[in-house]
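The values are calculated or read from the model by the stated rules, or taken from the named source; none is laboratory data. All of these numbers come straight from a predicted model, not from anything done at the bench. Glycine gets a Cβ as well: all are built from the backbone with ideal geometry, and neighbour counts include every protein chain shown. Accessible surface areas use protein heavy atoms only, side chains included; no ligands, DNA or RNA. Shrake-Rupley method; radii C 1.70, N 1.55, O 1.52, S 1.80 Å.
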Amino acid sequence: YRDCLLITQLIIALKTVRAGGVIVFSLMHLECFPTAHILYLLDDLAQHLTAVKPQSTGTPYGTFFAVAKNVCGPMSRAGADAQRKKRNAYLAGLCRLWSELRFGGEHGVGRGLVPGDLDFIVTDEGILDGYLDRLVGLGRHVWATQVDGLSYLLRSKGILE
């Protein structure tokens, strides 16, 4: 149910955010599936996306917050219409996927995410060919904070000097 919950949260966020609003989303492992795909979606719909990893909590772990600002925000009328259409297309794909995650799979009891499920957002090749530099840029602060947290944890346990 973890994957279904993730998709549910994304659907709710996209359905409820006002034009120009902010979405804050807790994610894990910026460089992995499905997080990279979700970041692509948020980046595509927002005028500003950052990845934030507070130094006060969970620093050694792969968790972080994606903060998407000005989601489907005010711009030219044509630009706003295009953003709404894009959001609606993403929502339609997410709703289809949610149904499959919840009721598909063997015996109709649901299933987990598998590679290819989020290809309607972006393919793995699309990330590697056109989004990887942006993904690395988003991840630098997250990874640096995680390295500091891991270093502190290992020193406090006497594993590192």
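So if each residue of separation counts as 0.36 nm, and I subtract the Cα-Cα distance between ARG2 and ARG155, what length gain in nm does that give?
Values: separation 153, 0.36 × 153 = 55.08 nm, distance 3.27 nm.
Full-extension gain reported as 51.8 nm.
3J(HN,Hα) couplings calculated from phi for region 5-18 with the Karplus curve 6.51 cos²θ - 1.76 cosθ + 1.60 (θ = phi - 60°) are, in sequence order, 5, 4, 5, 4, 4, 5, 4, 4, 4, 6, 6, 9, 5, 6 Hz; Gly and Pro show x. Taking every DSSP helix (H) stretch of at least 4 residues in the chain, weighting each as -39,500 (n - 2.57) and dividing the sum by the residue count yields a mean residue ellipticity at 222 nm of -16500 deg cm²/dmol.
Annotation: SER156 carries an accessible surface of approximately 80 Å², with a 1.4 Å probe and no ligand, DNA or RNA atoms counted. Only protein heavy atoms count here; under a 1.4 Å probe, ASP44 has an accessible surface of about 50 Å². Here each label is just a point 7 Å from Cα along the line to Cβ, and for ARG140 and VAL22 those points are 2.3 nm apart. Within the full protein context, the accessible area of THR59 is estimated at about 30 Å² for a probe radius of 1.4 Å.
Find which of THR50, GLN146, LEU160 sits farthest along the positive direction of the dipole of region 18-161, computed with +1 on the beta-carbon of Lys and Arg, -1 on that of Asp and Glu, about the Cα centre. Checked the options; the winner is THR50.
Using the Cα centre as the reference, give the magnitude of the dipole from point charges on the C-beta atoms of region 1-154 (Lys, Arg: +1; Asp, Glu: -1; all else neutral), rounded to the nearest 20 debye. Mind dumping the intermediate values first?
Values: 15 positive and 14 negative charges, 159 e Å.
Approximately 760 debye in magnitude.
For ALA19, nonlocal amide neighbours, meaning residues 5 or more places apart or on other chains whose placed amide H falls under 5 Å from its own, do not occur.
Please return the longest range in the chain lying between exposed loop sites, taking trypsin sites (Lys or Arg not before Pro), DSSP loop only, at most 13 other beta-carbon atoms within 10 Å, and leaving the sites out. Here the longest segment lacking exposed loop sites spans 19-156.
Given a Förster distance of 35 angstrom, what is the FRET efficiency for THR123 paired with GLN55, based on the Cβ-Cβ distance and rounded to 0.05? Before the final figure, lay out the partial values.
Details: r = 34 Å, r/R0 = 0.98.
Between THR123 and GLN55 the formula returns 0.50.
Within straight-line reach of LYS15, meaning a Cα separation under 27 Å, sit the following lysines at least 8 residues removed in sequence or on another chain: LYS53, LYS69, LYS85, LYS86.
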